[in-house]
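The values are calculated or read from the model by the stated rules, or taken from the named source; none is laboratory data. Source: prediction; values computed, not measured. All Cβ positions, even for glycine, are placed from backbone atoms using ideal geometry, and neighbour counts span all protein chains on display. Remember, those area values only see protein heavy atoms, side chains included, never the ligands or the DNA or RNA. Shrake-Rupley method; radii C 1.70, N 1.55, O 1.52, S 1.80 Å.
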Amino acid sequence: MKILIIGNGGREHCIARKIFESKFFKFNGGELYCATGSPGINEFSKPVFISVDDVYQLANFAEKEKIDYTIVGPEIPLALGITDEFNKRGLKIFGPSQKAAEIESSKIFAKNLMKKYNIPTAEFRYFTETNIRDAYEYLQETSYPVVIKADGLAAGKGVIIAEDRIHAVETIDSFIEEKIFGKAGEGFIIEKFMFGYEVSLFAITDGDNYILLPSSQDHKRIGEGDTGKNTGGMGAFSPLPDELFDEELKRAVEKKIIKPVLKAMKEEGRKYKGCLYAGLMIVKESGKKKPYVVEFNCRFGDPETQAVVPLIKSDFLEMLKASVEGNIDKYTLETHNKYSCCVVMSSKGYPGNFQKGNIISGIEKAEEKAQVCHSGTKYDEAGNIITNGGRVLAVTALSSSSHKLANKKCYEAVSEIHFSDSYFRRDIGKKILKKK
Ligand code: GLY
């Protein structure tokens with residue numbers, strides 16, 4: 001059996017490792033390929049030097065190599081229609097079609113869908129250059145903070161929280177005049193800021209049925225105490241304790257969000273298959289917790305995957321296969337009764353400018369306590385592993401007894417890893433640990 005993974009970050013490293021450990025994969029003489037691979041992934045997978053956005057060449061490769069299943073990590077190939085191209089050629093692939101992936105690649109599509117089908121989300125307005133005057137007027141009369149979102153894909157950086165009108169005006173000017181996100185920022189949404197806490201939830205679906213993976217919480221801001229700029233994510237833990245996400249809240253999310261959105265996508269002729277990532281805000285209203293959608297993503301989250309996937313006990317590859325083949329209702333999810341904590345180590349300066357090429361040491365030592373996923377690394381000519389991205393490594397530790405222990409083990413592992421200008425948040429999961 002041949003499996004091709006598309007993507008080369010921490011999420012894909014975690015997925016590749018889990019597939020490599022799959023009994024189903026081993027039993028079928030599994031061989032793993034990854035486009036384009038990384039020093040971490042290449043330990044158990046053959047690198048394929050085709051860019052993740054070269055959908056046509058990736059399909060050629062899969063055809064030629066007789067790949068049985070392709071698993072897509074990032075949103076870009078999905079937004080470019082990789083699933084459609086593979087399906088057209090009779091190749092099996094995990095991930096939504098281009099039309100279904102619009103749930104992430106067009107924020108306005110997702111917001112309009114939610115409005116039409118009564119799925120709870122923050123009130124919003126949509127603007128482009130043509131009605132920019134209305135945007136300025138709106139910013140004069142609205143209350144603050146507001147959330148400004150680029151319509152298109154912006155690598156996790158297209159969401160800005162503006163505390164006041166000056167910041168909001170600067171932001172929309174940077175979208176429209178400076179074009180900081182290019183085409184992705186030509187349209188933008190301004191929505192009401194929701195006060196609450198965030199939950200990330202992955203639904204693995206074949207379009208008709210779904211299973212929910214353990215809940216998790218991301219830490220999106222660069223600074224401790226949730227301050228500073230938004231990033232792709234600086235750390236996560238899973239599962240959430242009952243005080244954040246109990247069975248009642250989970251049922252409400254399924255009833256009001258997951259089931260309706262999958263039904264809506266089907267009704268719109270965009271049947272959704274793959275991993276649907278629901279980014280939720282839990283808001284307290286009249287003493288009761290209510291879930292709202294912050295965003296949908298058309299793929300696994302990063303770094304939530306590195307916290308959630310190690311907790312899966314049942315065969316991971318069989319789960320992805322069930323989504324592809326339309327029988328997820330036959331798959332029984334089993335999870336380890338464990339707690340996970342993932343801390344992202346990044347290059348100083350991220351999400352702004354940062355230096356690459358710093359030698360990394362201590363990964364092996366850290367791996368005695370934790371799983372280390374490579375997010376942005378490469379080999380230099382001398383064979384050293386060096387930094388090659390904003391987010392460099394994602395370190396995940398598990399504990400059978402508590403979140404506190406998972407957290408402690410994780411930071412011990414992080415302390416073994418060294419590179420110049422390394423940065424990580426020291427408060428991942430701190431909010432739940434304080435309550436224990
Ligand atoms: N961690 C947020 C994301 O993957 O979009």
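The strands (runs of 3 or more DSSP E) located wholly in region 122-209 that include 1 or more residues which are under 23 Å from residue 284 (Cα atoms), free of Cβ contacts under 8 Å to residues at least 60 places away in the same chain and among the aliphatic types (A, V, I, L, M) occupy 146-150, 159-162. Of the helices (runs of 4 or more DSSP H) entirely within region 1-87, those holding at least 2 residues that are of a type in the set (S, T, N, Q) occupy 55-65. Within region 292-309, no residue satisfies the criterion of being buried (at least 23 other Cβ atoms within 10 Å of the Cβ) and away from the ligand (no atom under 16 Å from the Cβ).
The set of residues in region 185-212 that are open to solvent by less than 20 Å² (accessible area, probe 1.4 Å) and more than 14 Å from the ligand (Cβ to nearest atom) comprises 185, 187, 188, 189, 190, 191, 203, 204, 205, 206, 207.
Could you grab me the full set of residues in region 385-432 that are in a strand (DSSP E or B) and either touching an Asp or Glu at 6+ places or on another chain (Cβ under 7 Å) or open to solvent by 30 Å² or more (accessible area, probe 1.4 Å) (or both)?
Initially, region 385-432 is screened for residues in a strand (DSSP E or B), giving 385-387, 391-399, 418, 422-423.
Selection gives 385, 386, 391, 398, 418, 422, 423.
Pick from 259, 273: which is open to solvent by 50 Å² or more (accessible area, probe 1.4 Å), touching a strand residue (DSSP E or B) at 6+ places or on another chain (Cβ under 7 Å), away from the ligand (no atom under 16 Å from the Cβ) and at negative phi? Spell out the reasoning first.
Values: 259 fails: touching a strand residue (DSSP E or B) at 6+ places or on another chain (Cβ under 7 Å).
When all the criteria are applied, what remains is 273.
Any residue at all in region 218-230 that is more than 13 Å from the ligand (Cβ to nearest atom), basic (Lys, Arg) and part of a strand (DSSP E or B)? Looking through region 218-230, at least one residue is more than 13 Å from the ligand (Cβ to nearest atom), basic (Lys, Arg) and part of a strand (DSSP E or B). State whether the residues of region 94-105 include one that is open to solvent by 50 Å² or more (accessible area, probe 1.4 Å) and not in a helix (DSSP H, G or I). No, because not a single residue in region 94-105 is open to solvent by 50 Å² or more (accessible area, probe 1.4 Å) and not in a helix (DSSP H, G or I).
In the condition set (1) in contact with a helix residue (DSSP H, G or I) (Cβ under 7 Å, 6 or more places away or on another chain); (2) over 21 Å from residue 399 (Cα atoms), residue 340 is compliant with all but (2).
Of all residues in region 168-184, those being open to solvent by 10 Å² or more (accessible area, probe 1.4 Å), of a type in the set (A, V, I, L, M, F, W, C) and more than 16 Å from the ligand (Cβ to nearest atom) number 3.
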